[in-house]
Amino acid sequence: MNPRHHLDPATVLAHAAGAIAPEAAAIVAIHLEACGECRRAVARAERIGGLLLEHQHVHAAAEAQCERLRADMLERLDREPAAAATTPWREAASEPDPDRLPTPLHPYFGSKYSGLRWRWMGPGRHFIRVRGPSGGTLLMLRIAPGKRMPVHGHGGGEITQILRGAYQDSLGCFAAGDVADLDADIEHQPVILPGAACVCVAALDAPLRFPGWLARALQPVFGI
Ligand SMILES: [Zn+2]
């Protein structure tokens, strides 16, 4: 799996700082399991955060040392290759169980695809909605090939990890392993690519807004 769509830098920083809602953190964790590039970005953000704290501490103690520390920090960042990530990550099993959901989803959806209790929301479209511990929503969708999602913008940001299948929208093709980490002002209408149903899971920190008659028709069904 070689993801082509990655976490937004702001999400990487928020994650490294532990300043992210648990619902979004679960989606980030799934992406990090699949993506070495974003794991390295998180490790680098954590390292920079640690060095800044160190810098701040010494700054309070001795103003004169600051410039030296800053130079030292920059030098260390240059010297240490980004690949030298120190965050331990569980290696994927050599033969992953195709029925097994990613571990970060287990508290919300259980451990197996075959155990999911899908709810119907239209022809070829199913969903499961779970309320997270901080009041955000985790939404898993299973959409059949060739089906469209309704056009929607995002009330306050949305982060979606693609678990199976693939979809296409104005931003490109998103396949298993990719993450769509979108701003609130992006509107898009994914179309599921032929072959297999697309299963994706999203953390929503605000209600979705669906414009038009479809919006009015779907919103009560979604309940979001
Ligand atoms: Zn990534």
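Considering only residues that are within 15 Å of the ligand (Cβ to nearest atom) and either crowded, with 20+ Cβ neighbours inside 10 Å or on the phi > 0 side of the Ramachandran plot (or both), which ones fall in the stretch 6-24?
Passing the criteria: Leu7, Thr11, Val12, His15, Ala16, Ala24.
Among the residues that make up the stretch 143-154, is at least one of them assigned by TED's automatic domain parsing to the domain that holds Ala196, buried (at least 18 other Cβ atoms within 10 Å of the Cβ), assigned to a strand (DSSP E or B) and at pLDDT 90 or above? If you could, list the steps in order and put the result at the bottom.
Initially, the stretch 143-154 is screened for residues assigned by TED's automatic domain parsing to the domain that holds Ala196, giving 143-154.
Still in the list and also buried (at least 18 other Cβ atoms within 10 Å of the Cβ): 143, 149-150, 152, 154.
Cutting the leftovers down to assigned to a strand (DSSP E or B) gives us 143, 152, 154.
Restricting the remaining residues to those that are at pLDDT 90 or above gives 143.
Yes, there is a match, as at least one residue in the stretch 143-154 is assigned by TED's automatic domain parsing to the domain that holds Ala196, buried (at least 18 other Cβ atoms within 10 Å of the Cβ), assigned to a strand (DSSP E or B) and at pLDDT 90 or above.
Out of the residues in the stretch 40-51 that are more than 8 Å from the ligand (Cβ to nearest atom) and at pLDDT 90 or above, which is nearest to Thr160 (Cα to Cα)?
Here is the first cut: in the stretch 40-51, the residues more than 8 Å from the ligand (Cβ to nearest atom) are 40, 42-51.
From the residues that got through so far, the ones that are at pLDDT 90 or above too are 40, 42-43.
Working: Arg40: 20, Val42: 18, Ala43: 21 Å.
The extreme case among them is Val42.
Consider Asp181 carefully, then state whether it is more than 17 Å from Leu105 (Cβ to Cβ) and modelled with pLDDT of 80 or more. Talk me through it step by step, then tell me what you get.
Numbers: more than 17 Å from Leu105 (Cβ to Cβ): yes; modelled with pLDDT of 80 or more: yes.
In short, yes.
Those residues that are open to solvent by 80 Å² or more (accessible area, probe 1.4 Å), within 21 Å of Ile20 (Cα to Cα) and at pLDDT below 90, I need them from the stretch 87-130; list them, please.
Of everything in the stretch 87-130, those that are open to solvent by 80 Å² or more (accessible area, probe 1.4 Å), within 21 Å of Ile20 (Cα to Cα) and at pLDDT below 90 turn out to be Pro88, Trp89.
The values are calculated or read from the model by the stated rules, or taken from the named source; none is laboratory data. All of these numbers come straight from a predicted model, not from anything done at the bench. Because the Cβ atoms are built from the backbone with ideal geometry, glycine has one as well, and the counts that use them run over all protein chains shown. Note: accessible area is taken over every heavy atom of the protein model, side chains too, but ligands, DNA and RNA are not part of it. Shrake-Rupley method; radii C 1.70, N 1.55, O 1.52, S 1.80 Å.
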